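Chemist: Let me begin by handing over the structure; questions about it come next.
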Amino acid sequence: MLKPNLSDFQDQSHGTQSHKKEFLRVMLQQVYFTFIQAMPLVVIIASIVGAAVAFQTRFTLSFVGTDGNKLGEILVFVLFRELTPLITALLVIARSITAVSSELATMTVQREIEALEFIGIDINQFLLAPRIAAGVISLFCLSFCFWLISLAGSWISINWFSYWPIDRFLSVIAGSLMPSDIFFFILKSFFTGAIVFYMAARTGLKVKGASFEVPIMTNKAVVDALFVAMGIQILLSLIFYLSFGVKI
Amino acid sequence: MIQPTIRTKDLVAQAKDQSLLGEESPLNFELRPGEVGGIYDPNYAFSLFQVIMGLGRIESGHIEIFGSPLVEEKGETSITWRQLIGFAGARKGLLSNLSLFDNVNLPAKYHGYYKEGQGLEHLAQEQLEELEVPQKLWGLRPHQVSGVVIKKTLLARSVVLNPKVLLLESPFEYFGWQELRLLKDWLEKQRAQKRAILIGSDHIPFLTMSCDWLIEAKKGQMDRNFKANMEPSFVAMAELMKKSGERDEIVSD
């Protein structure tokens, strides 16, 4: 980048404070789109997934004849460790990665990015960083909500056949959860959110200026994000099982 | 003697969009405060605007802004100095998710720029009012308004940070003859405030009317006597444009 050496240039603005305000504004807006607006979809899918997993587990365990504690462990194992981070990542990719990537690509075509650069607005600070932060926050919140709703779905599904009090159900789940589970759950949300949003934004900004590039780049962003998200899930699960072993 | 705000010497540069500047003839000009320079080729002008903004690479020659040469800086570097330069694109560049007012206010809000004793939004209001954008349109988004309102919003945004240099891409575009007076007055006001103004346009009469000198892309040299070498019909048209809007006063006399 070219720059003059303006030693006598005094920035009269109150930049840092207002940069933070703008960062917060853009971030909260993205959290609204990615987290709040995705909630109805999460409620539906999490309930179905939770109910299906609990039903299948209960059904299979009935042949083996094990106790209810095993059911809790399997729910934690399948839902908390594996399905919740993976499905929420897929939901976010389907909804928000396409949106972020195509939004930034269109902004590039419409010369909005260029105009921002000309105004002296740092694209990384104004567009990228708030979206990445929002991606991390939203994915964690969505995963947490997904987990809670899928548990509710599980409980309803189990109670369809036989009565299982909620307090007993929750105590079995709580007893099966290890601190390492929670740590890796957070880790998966953090890395997946940060990396896929970064990739989506970068891919969107790679458009040179022609509108036909917008769908191409959006497509690329989604496919790349899918591979990366699944890669992160597999890698972190692998690290988890290598560190703590498979305990069911 | 007043120091030039922008000076180039045998400049050949590549802009960020890969376009080459000065490939036919290296670029030479000096733009002083309160002066209006014209570039007869909007694409060429836009390449130059990018280089002035630091978005490009110098192949040979040099360019000075505010007496300091533009030099290559590696890695992350502050771009706050761009507040000194205002830019209005031809028709694109307004953020589609913001209202017209928010678009004009964005630079001031982002940089926290305001006059002492006045609110953050005062500067944006002032500029929109000056360009006679009806207040009822301020809350609309760019796709909901006409080309001339978009143009006025772009011009208003370009001066909201009180820049020392103005880079204008085809400013006359969308302005009808009835509103030409408004644009002329606005340009004169910017000139009176000692802003150095560069205009890129292919509208020869408008450039002839507004500019102190002109650059043709293939020559790369500023020409202060361009009116003398110009087709007389263009000069006559420029004179007519200069007089447009004065008709009301003549009639009322």
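Every number in this text was worked out from the coordinates using simple rules, so none of it is lab data. Here the structure is a predicted model, which means the values were calculated and not measured. Cβ sites come from the backbone with ideal geometry, for glycine too, and all protein chains shown count toward neighbours.
Chemist: Using only the Cα atoms of the stretch B:177-233, build the gyration tensor, take square roots of its eigenvalues as a ≥ b ≥ c, and label the shape rounded, prolate or oblate: rounded if a/c is under 1.5, else prolate if a/b is larger than b/c, else oblate.
Modeler: Values: a/c = 2.16, a/b = 1.40, b/c = 1.54.
Note, shape of the stretch B:177-233 comes out oblate.
Chemist: At a threshold of 8 angstrom on Cα-Cα distance, excluding pairs fewer than six apart, so keeping six or more, what relative contact order does chain A reach in percent?
Modeler: Over chain A, the number comes to 34 percent.
Chemist: Measuring from centroid to centroid over Cα atoms, what is the spacing of the stretch A:145-211 and the stretch B:59-91 in Å?
Modeler: The stretch A:145-211 and the stretch B:59-91 have Cα centres spaced 47 Å from each other.
Chemist: Using a simple spin-label model with points 7 Å from Cα along the Cα→Cβ vector, what separation in nm is obtained for residue B:143 and residue B:182?
Modeler: Using points 7 Å along Cα→Cβ, the separation is 2.4 nm.
Chemist: Lys pairs in chain A, Cα-Cα under 21 Å, at least 8 apart or on separate chains: how many? Kindly include the intermediate steps, with their values, before the conclusion.
Modeler: Details: A:70/A:247; A:188/A:247; A:206/A:220; A:208/A:220.
Step by step, the pairs that qualify in chain A add up to 4.
Chemist: Something else about it: Give me the one-decimal nm value for the distance between modelled label points at residue B:92 and residue A:124, 7 Å along each residue's Cα-to-Cβ direction.
Modeler: With each label placed 7 Å out from Cα toward Cβ, I get 2.5 nm.
Chemist: Here's something else I'd like to know. Shielding of B:52-59 by partners, i.e. mean partner chain Cβ atoms within 10 Å per residue?
Modeler: Partner Cβ neighbours, averaged per residue: 3.
Chemist: Counting only other chains, and only Cβ atoms inside 10 Å, what mean value do you get across the residues of B:87-100?
Modeler: Per residue, the number of nearby Cβ atoms from other chains is 4 on average.
Chemist: I'd like the Karplus ³J(HN,Hα) series for the stretch A:99-107: coefficients 6.51, -1.76, 1.60, θ = phi - 60°, whole numbers in Hz, and an x wherever there's a Gly or Pro.
Modeler: Once rounded to whole Hz, the list reads 5, 5, 5, 6, 4, 5, 5, 5, 4.
Chemist: Is the protein assembly as shown rounded, prolate or oblate when judged by the Cα gyration tensor, a ≥ b ≥ c being the square roots of its eigenvalues, rounded requiring a/c under 1.5 and prolate requiring a/b larger than b/c? Show your work: numbers first, answer last.
Modeler: Details: a/c = 3.21, a/b = 2.56, b/c = 1.26.
The shape class here is prolate.
Chemist: Which of these, B:69, B:26, B:42, has the largest mean-square fluctuation under a Gaussian network model of chain B (Cα springs below 10 Å)?
Modeler: Residue with maximal mean-square fluctuation among B:69, B:26, B:42: B:69.
Chemist: Could you calculate the contour length gain from residue B:129 to residue B:2, that is, 0.36 nm times the residue separation minus the distance between their Cα atoms, to one decimal place in nm?
Modeler: Roughly 42.5 nm would be gained on extension.
Chemist: Next up: How far, in nm, would the chain grow between residue A:23 and residue A:36 when pulled straight, counting 0.36 nm per residue and subtracting the alpha carbon separation?
Modeler: Contour length minus the Cα-Cα distance gives 2.8 nm.
Chemist: Would you work out if chain B is rounded, prolate or oblate? Take a ≥ b ≥ c from the square roots of the eigenvalues of the alpha-carbon gyration tensor; rounded if a/c is under 1.5, else prolate when a/b is larger than b/c, oblate otherwise.
Modeler: Here chain B falls in the oblate category.
Chemist: Given charges of +1 on the Cβ of Lys and Arg and -1 on the Cβ of Asp and Glu, with all other atoms neutral, how large is the dipole of the stretch A:156-248 about its Cα centre, in debye to the nearest 20?
Modeler: Working: 7 positive and 4 negative charges, 47 e Å.
About 220 debye.
Chemist: Can you list residues whose amide H is under 5 Å from residue B:87's amide H, if they're 5+ apart or on another chain and H is modeled 1.01 Å from N?
Modeler: Distant-sequence amide H within range of residue B:87: B:167.
Chemist: Through the Karplus equation 6.51 cos²θ - 1.76 cosθ + 1.60, θ set to phi - 60°, convert the phi angles of the stretch B:93-101 into ³J(HN,Hα) values in whole Hz; use x for Gly and Pro.
Modeler: For the stretch B:93-101, the Karplus-derived couplings read x, 7, 6, 5, 8, 10, 6, 4, 5 Hz, x marking Gly and Pro.
Chemist: Grab the beta carbon distance between residue A:1 and residue B:9, set R0 = 22 Å, and tell me the FRET efficiency rounded to 0.05.
Modeler: My answer for the efficiency is 0.55.
Chemist: With both bridge residues required to lie in chain B, what share of the DSSP beta bridges run antiparallel, to the nearest 5%?
Modeler: Beta bridges within chain B, antiparallel portion: roughly 50 percent.
Chemist: Between residue A:148 and residue A:48, how high is the FRET efficiency from 1/(1 + (r/R0)^6) when r is the Cβ-Cβ distance and R₀ = 25 Å? Nearest 0.05.
Modeler: E(calc), rounded to 0.05, equals 0.95.
Chemist: While we're looking at this one, here's another question. I'd like the distance separating the alpha-carbon centroids of the stretch A:110-124 and the stretch B:111-140, in whole Å.
Modeler: 20
Chemist: Further, regarding this structure: Just to be sure I understand the model, the point goes 7 Å from the Cα along the line to the Cβ. What's the resulting residue A:156 to residue B:32 distance in nm?
Modeler: With each label point 7 Å from Cα toward Cβ, the separation is 7.9 nm.
Chemist: Taking a point 7 angstrom from the Cα of residue A:190 along the C-beta vector, which residues in the stretch A:221-238 have backbone N less than 14 Å away?
Modeler: A:236
Chemist: Go through the stretch A:40-57 residue by residue and turn each phi into a ³J(HN,Hα) via Karplus (6.51, -1.76, 1.60, θ = phi - 60°); whole Hz please, and just put x for glycine and proline.
Modeler: x, 5, 5, 4, 5, 5, 5, 4, 5, 4, x, 5, 5, 5, 5, 4, 5, 5
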